[in-house]
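Values quoted throughout were computed directly from the atomic coordinates according to the rules given, and no laboratory measurement underlies them. Not measured: the values here are computed from a predicted model. Cβ coordinates were reconstructed from backbone atoms using ideal geometry, including for glycine residues, and neighbour counts include every protein chain displayed.
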Amino acid sequence: MPFPDLRSFVEELDRCGQLKRVGVEVDPVLEVTEIADRVSKAPAAGDAPPPDFDRVHGGKGGHGLLFENVSGSDIPLGINLYGSYERMGIALGCSSFADLASRVGQLVKPEMPTTLMAKMKKLPDLMKLASFGPKIVKRGMCQEVVHTDDADLLTLPTIQCWPDDGGRYITFAGIYTKDRDSGDRNVGMYRVQIFEPKMTAMHWHVHHDGPRHHRGYKAHGEKMPLAIVFGGESVLPYAATCPLPPDVSELLFAGFLNGGGIDLVQCKTIDMQVPANAEIVIEGYVEPHEMITEGPFGDHTGYYSLEGQYPVFRVTAITQRRDPIFPATIVGLPPQEDYYLGKVTERIFLPLLQMLIPDVIDYSLPMFGAFHNCAFVKIKKYYAHQARRVINAIWGAGQMSFCKMIVVLDEEVNVHDEQDVLFHMCANVDWRRDTMIVEGAVDILDHAAPYEGAGSKIGIDATRTMAGEGIFREYPPLIRMSEAVQERVTRRWGEYGFGS
Ligand SMILES: [Mn+2]
């Protein structure tokens, strides 16, 4: 089962040997980053192999960290808590991300029950789904202490991540907004730069749901209520980062992952409801027109994103538990904590991608690709130019459209093994015949693109060439040992003296 709040999740990490407590005083300016960056690139904590990826990536991500003595704050700082396959599994309460993916796959399958019996059978599923919605409760631990006039962002152990960053940032909080007219909630994870005790910038990109809500208020010249939420159910940070379609509620999805609806309490100073079990909640309003220069910020691309104009957010209250934990993360050259959050999305979206493009057997967004730069896709090939069809379909599929390089591979290739992928790609591709370069939308953060958000992408067909795909000679067979001999050697492995 997932955990109801951050501290019980942290305690479980401690029990499992996944947590290191740092008692000495550390500086939230750069020192925390340097420690977390080293740890996130260390071997995995403990001996337990990660559930789905052990053979491929090896374990990485070190320990989750709890800094108990951060200069200038009384509040302990948790970081890298989600930064390994093992810890993601603990946070989501699952031993295998493939199982989780198939649960999601079942949920979205548009199966119409045809007979009455089938309908009756489906009923418990639907009832269960209904119980995953958020529930409003009267009291929440997140409001044990309430600061209004004396609210001060500078009491929080916010970090400056990298030397050229514009200042100190909130990096691991859910940003809660509501649609002005429909009241639909959205939860996103956007970075928040601190400027004054009660003032921040609100950084978000135009296509996110938060700024979509903001445009609704702005059109009426109104300020928008917004809450910044730290902690809560252990599934929440993942749900906030998952690229769900705009009309899918992050809180419903979180309730589904949590195995029960998220309890919400009414905020003290704004019309907003936030998780009752949160550690800290910052309440306030985003100004309709007032902007401020935000950034630079060392980003998940491995480069800084530059300064820009973003709306001003003013704090009306900070509510918290009596002894809160402040969660943070850093992004930068991979691997970082965000890689593991993204990897779960990759697994969960496989059944959804397969609904759109049934040819896809499996895919991988490798660590070095920083989410948008590269995808390896496995298909079983039946007809000429099938790989190109798959490439074009992926470039039309939601956020996957940003993918700068897609490599399509035959079914015998392990797409989670980069050496295997690169071997087959380099061996099979004739670069003139088997590549396509197209113009299109790319990630806003892609600094290499000639325009912001617009550039070119490459598709590489690394499958075996067949008739109709251009000039080729007869394709030689791939070397493979006979299965009978493989079985015999496996059976006798111990006899050879290699152990079992
Ligand atoms: Mn959303």
Sort 294, 34 so the one with the fewest other Cβ atoms within 10 Å of its own Cβ comes first. 34, 294
Contour excess over end-to-end distance, with Cα ends at residue 482 and residue 385 and 0.36 nm allotted per residue: 31.9 nm
Relative contact order (percent) for the chain, with alpha-carbon contacts under 8 angstrom and 6 or more residues of separation? 15
Span-like helices, the chain: DSSP H, alpha-carbon axial extent 27 Å or more, mean Kyte-Doolittle -0.5 or greater, which ones? 337-356
What is the calculated FRET efficiency for residue 8 to residue 368, with r their C-beta to C-beta distance and R₀ = 25 Å, to the nearest 0.05? 0.15
Could you check the spin-label model distance between residue 498 and residue 293? Points 7 Å from the Cα along Cα→Cβ, value in nm. 6.3
Two decimals is fine: what's Rg over Rh for the chain, C-alpha atoms, Kirkwood radius as Rh? 0.99
Going highest first, how would you order 325-331, 307-313, 383-389 by mean Cβ packing within 10 Å? 325-331, 307-313, 383-389
With a 10 Å radius around each residue's Cβ, average the other Cβ atoms per peptide and rank 251-258, 204-211, highest first. 251-258, 204-211
In nm, to one decimal, how far is the modelled label at residue 475 from the one at residue 102, with both set 7 Å along Cα→Cβ? 3.0
Quick one: net charge around residue 251, please, counting Lys, Arg +1 and Asp, Glu -1 for every other residue with C-beta under 11 Å from its C-beta. -2
Binning every alpha carbon pair distance of segment 118-328 at 10 Å from zero, what are the percents per bin? 9, 34, 37, 16, 4, 1, 0
One would report the antiparallel percent of DSSP beta bridges in the chain, rounded to the nearest 5, as 75
Helix-only mean residue ellipticity at 222 nm for the chain, each DSSP H run of n ≥ 4 adding -39500 (n - 2.57), per residue, nearest 500: -8000 deg cm²/dmol
Lys and Arg at +1, Asp and Glu at -1: add these up for the other residues within a Cβ distance under 14 Å of residue 235 and post the number. -3
Cβ crowding within 10 Å averaged over residues, with 276-287, 473-484, 422-433, 189-200 ranked highest first: 276-287, 189-200, 422-433, 473-484
Normalised by the number of residues in segment 118-328, what is the relative contact order in percent for Cα pairs under 8 Å and 6+ residues apart? 30
Can you give the log10 of the normalised intensity I(q)/I(0) at q = 0.14, 0.18, 0.22 Å⁻¹, computed with Debye over equal Cα scatterers of segment 357-484? -0.61, -0.97, -1.36
The summed charge of the residue 385 Cβ neighbourhood (under 9 Å; Lys/Arg +1, Asp/Glu -1) stands at 0
Output the pairs from 381/457; 41/218; 41/380; 60/135; 135/218 with a Cα-Cα distance over 31 Å in this structure; if there are none, say none. 41/218; 41/380; 60/135
Just to compare against my own numbers: the Cα pair-distance distribution for segment 360-428, 10 Å bins, whole % per bin, please. 22, 56, 22, 0
Residue 131 versus residue 182: modelled label distance in nm, points set 7 Å from Cα along the beta carbon direction: 2.8
